[in-house]
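Inspection log for the structure reproduced underneath, given as structure tokens.
FYI, it's all coordinate maths here, none of it is from the lab. Here the structure is a predicted model, which is why all the values come from computation and not from measurement. Here the Cβ is made from the backbone with ideal geometry for all residues, glycine too, and neighbour counts use every protein chain on show.
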Amino acid sequence: MCFAKCGYSYGRPNRSDLRRRGYATHYVSARCRYTGPAENNDAMLVRGAAVPGCI
């Protein structure tokens, strides 16, 4: 789900028999609250200050 303008970057098609790895980074406000199971909350603070009770 994308709440802001999304831009996707595409490279060349994978023509080999090997899998291609992908990596995605999602940035959100430190004031967001995680509502799922605690064991799935693997957010990492990249910049700024942590907010108690939030991601």
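Could you rank the peptides 19-27, 34-42 by their average count of other C-beta atoms within 10 Å per residue, with the highest value first?
Ranking, from highest mean packing down: 34-42, 19-27.
Provide the per-residue ³J(HN,Hα) series for the stretch 35-40, in order, calculated from phi with Karplus coefficients 6.51, -1.76, 1.60 and θ = phi - 60°, each as a whole number of Hz, with x at glycine and proline positions.
Those phi angles translate into 10, x, x, 4, 5, 9 Hz.
Could you give the length gained on full extension between HIS26 and ASN40, defined as 0.36 nm per residue of separation minus the Cα-Cα distance, in nm?
So the chain would gain 3.5 nm between HIS26 and ASN40.
From the phi angles alone, apply the Karplus equation (6.51, -1.76, 1.60; θ = phi - 60°) to the stretch 12-25 and give each ³J(HN,Hα) in whole Hz, x where the residue is Gly or Pro.
Karplus-based 3J(HN,Hα) across the stretch 12-25 equals 7, x, 7, 9, 8, 8, 8, 6, 9, 7, x, 9, 10, 10 Hz.
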